[in-house]
1. For segment 154-268, what is the accessible area per residue in Å², given a 1.4 Å probe and the full set of protein chains?
2. Short version: ³J(HN,Hα) in whole Hz for each residue of segment 261-266, in order, from phi by Karplus 6.51 cos²θ - 1.76 cosθ + 1.60 (θ = phi - 60°), x for Gly and Pro, what are they?
3. Through the Karplus equation 6.51 cos²θ - 1.76 cosθ + 1.60, θ set to phi - 60°, convert the phi angles of segment 228-238 into ³J(HN,Hα) values in whole Hz; use x for Gly and Pro.
4. For the chain, what number results from the quotient of the Cα radius of gyration and 2.2 N^0.38 Å?
5. State in Å² the accessible area per residue of segment 1-72; use a 1.4 Å probe, count heavy atoms of protein chains only, and round to the nearest integer.
6. D for segment 1-79, whole µm²/s, Stokes-Einstein with Kirkwood Rh over alpha-carbon pairs at 4 °C and 1.567 mPa s: what number?
7. At 37 °C and a viscosity of 0.692 mPa s, what translational diffusion coefficient does Stokes-Einstein give for segment 238-329, taking Rh as the Kirkwood radius over Cα pairs? Give it in µm²/s as a whole number.
8. Please compute the alpha carbon radius of gyration of segment 68-156, then divide it by the globular-protein estimate 2.2 N^0.38 Å. Two decimals is fine.
Amino acid sequence: MKILIISQNTYPLQGPRAFRTAELSEQLAKMGHEVRLYTIHGGYDYTEYVARTGVQMFDINTRFITNSNNGLTRYNFFDRVLNKLLHRPLFFPQIELAFKVPNIIKENPDCDLLITIAYPHSIHLGTAWAKEKYFTTFPKKWIADCGDPFFLNPFFNFPKYMKRYEEEWCEACDYISVPTEDSKHGYLRQYWSKIVTIPQGFDFSKTPISEYEGNDVPTFVFAGAVYPGVRDPRSFMDYLLTYGKQYKFKMYMRTPLELKYVTESNGQIEYIIGKTRAEIIKECSKADFLINVINPSVVQTPSKLIDYGIAGRPILDVSTSFTEQLIFEEFLDGNYSGQHIVENLNSFNVENVANQFLMLSGK
């Protein structure tokens with residue numbers, strides 16, 4: 001089968017959408033399909049990667065989008081000014097992808113399956129434009145994959161006219177794939193019949209874990225993104241600063257929070273930057289337990305919960321306001337009866353996930 005995948009990012013960039021793109025592309029190629037993947041390379045050399053995975057790599061070559069696969073982010077004065085002025089009214093610079101996608105579709109006629117991966121959703125919008133323009137050679141099936149919602153995203157406040165952009169691609173695609181059953185509530189109700197649940201997929205063999213041996217002092221780990229005031233561990237960290245006993249809290253992040261938490265905790269709170277997903281999972285497997293800061297909305301679920309499940313350590317859910325002091329102290333004593341259980345972990349196996357996409361192709 002000839003499969004075309006369009007995404008902003010993939011390997012070696014770290015992040016949920018890059019992971020989704022890389023794992024799915026590699027698995028489909030491993031299953032014997034012809035996979036053509038378009039992303040923003042940023043100068044990364046894919047010669048060895050193509051030879052190892054069989055995925056055919058193509059560069060989208062954007063001018064304004066600054067986030068590329070090589071992990072280097074350009075954000076000069078010109079970028080900052082344009083982003084401040086144009087991001088909300090025009091979804092800039094991500095809107096550039098909407099104008100790049102039609103040529104990609106034109107250059108790849110008669111594919112059996114097209115998978116477009118958002119964020120950003122401008123990829124879906126450009127695909128809808130391409131379907132109208134190149135209808136006779138457009139791929140036989142189109143799945144619009146969405147890690148997060150767009151217009152109804154509770155973390156953003158887009159102008160009302162952006163609703164029309166979402167309607168345009170929702171009308172045109174065959175399916176909308178979302179990672180959890182509750183995710184559908186982040187989309188316009190008239191398109192719920194197109195929504196299918198396909199979880200994030202990972203090759204578990206790439207993430208070896210350590211045998212848990214316990215720690216001299218209670219050691220717990222947080223990994224993932226922080227959204228100030230929304231998915232925010234700082235109330236929990238403030239509590240830790242008042243806690244009178246020894247502990248170790250390791251936070252695996254892209255960007256550290258305030259330095260005061262490190263200094264005022266005498267190093268018991270530690271920020272760790274720049275680790276790969278596999279390295280983080282291995283470190284999680286050594287911890288006594290793991291911290292999950294819950295989202296206030298059911299339409300988005302942190303993909304780190306899958307990594308926590310693979311690590312195999314108990315998970316403590318804490319809220320942004322941190323009202324879980326009693327259960328936290330139970331965890332410190334080794335009582336994990338209130339732990340969050342990641343159910344059906346095998347559903348996240350990338351082979352099962354890839355087969356769900358293939359079933360939608362009708363072949």
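The values are calculated or read from the model by the stated rules, or taken from the named source; none is laboratory data. Treat the numbers as computed from the prediction; the structure is a model and nothing was measured. Neighbour counts are summed over all protein chains in view; Cβ atoms, including those assigned to glycine, are modelled from backbone coordinates with ideal geometry. We work out accessible area using only protein heavy atoms, side chains counted, and drop any ligands, DNA or RNA first. Shrake-Rupley method; radii C 1.70, N 1.55, O 1.52, S 1.80 Å.
1. Details: 6080 Å² over 115 residues.
Result: 53 Å² of accessible area for each residue.
2. Here the 3J(HN,Hα) series is 5, 6, 5, 6, 8, 6 Hz.
3. Taking θ as phi minus 60°, the curve returns x, x, 10, 10, 9, x, 5, 5, 4, 5, 4 Hz for segment 228-238.
4. Details: Rg = 21.3 Å, N = 363, 2.2 N^0.38 = 20.7 Å.
Its radius of gyration relative to the 2.2 N^0.38 Å reference: 1.03.
5. Values: 2900 Å² over 72 residues.
That works out to 40 Å² for each residue.
6. Details: Rh = 12.9 Å.
Roughly 101 µm²/s, to the nearest whole number.
7. Details: Rh = 14.4 Å.
Approximately 228 µm²/s, per Stokes-Einstein.
8. Working: Rg = 14.9 Å, N = 89, 2.2 N^0.38 = 12.1 Å.
Here the answer is 1.23, to two decimals.
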